[in-house]
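The values are calculated or read from the model by the stated rules, or taken from the named source; none is laboratory data. What you are looking at is a predicted structure, and each value in this text was computed from that prediction instead of being measured. In this analysis, Cβ positions are derived from the backbone assuming ideal geometry, glycine residues included, and neighbour counts consider all displayed protein chains.
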Amino acid sequence: MKTQKAENWCQCHLADQVLSQLLEKVDAEVAEKCRQEGCQYCSGHLHRADYRRKPRGLPEQDRKREEEVFRDSFCCAQEGCRKRHTPPSVRFLGRKVYWSPVVVLVSAVRHGITPQRLRALRESLGVDRRTVERWREWWLQAFARSSFWQAARARFLPPIDPKALPASLCEAFGVDRRDRLLELLKFISPVTTGSSPWSRSL
């Protein structure tokens, strides 16, 4: 993945307001499917139990809405169960405070980018250098060793280079296009939650 090209599509995607709208729509559709299926433990009805998130790194047009962002979540209405169901997400990468595309793309262009350009990218997004390094560590350790990735990596030919994650994953999906980035985010969405049985079944 050529560094200049990767840097360009990274900046393009992170300023893309349409992308943020698409991600919100995908999360809403997944959440509705979760609600309709009911509790995966007792088949009870699910009640809304969304919680506020304040994701950093949103496109400039969306930053004024930061106080209005919620993570879709549900709680079983059945007494004695009350299990929480938080569907997989393409907007939030687990508990990380930054918007999911930021974590993916900035971590990807970390390979080969000059220190000056990386510093400018971090400053424009408000991302600390140590935060980027923690993301890289997460990709190379927690993600690479997860049961999800151990099962899912077999579908890629040629194989994904685990030492170059997530850049190698971005290259495999061809994320220079918006729709391909969206597919990548859908692909990794099972790792964004631990409370939904969907993520444990993959």
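Hand me the list of helices (runs of 4 or more DSSP H) wholly inside the stretch 118-202 holding 1 or more residues that are within 15 Å of residue 104 (Cβ to Cβ), at pLDDT 90 or above and out of contact with any strand residue (DSSP E or B) (no Cβ under 6 Å at 6 or more places or on another chain). Spell out how you get there, then give the answer.
Details: elements: 129-138, 147-152, 167-173, 178-188, 197-201.
By residue number, 129-138, 147-152, 167-173, 178-188.
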Residue ID - modelled with the lowest pLDDT, chosen from residues in the stretch 41-95 that are closer than 19 Å to residue 19 by Cα and polar (S, T, N, Q): 61
Selection within the stretch 68-82 - in contact with a Ser or Thr (Cβ under 8 Å, 6 or more places away or on another chain) and among the basic types (Lys, Arg): 71
Filter pass, residue 94 being touching a helix residue (DSSP H, G or I) at 6+ places or on another chain (Cβ under 8 Å), among the small types (Gly, Ala, Ser), more than 22 Å from residue 12 (Cβ to Cβ) and part of a loop (DSSP other than H, G, I, E, B): yes
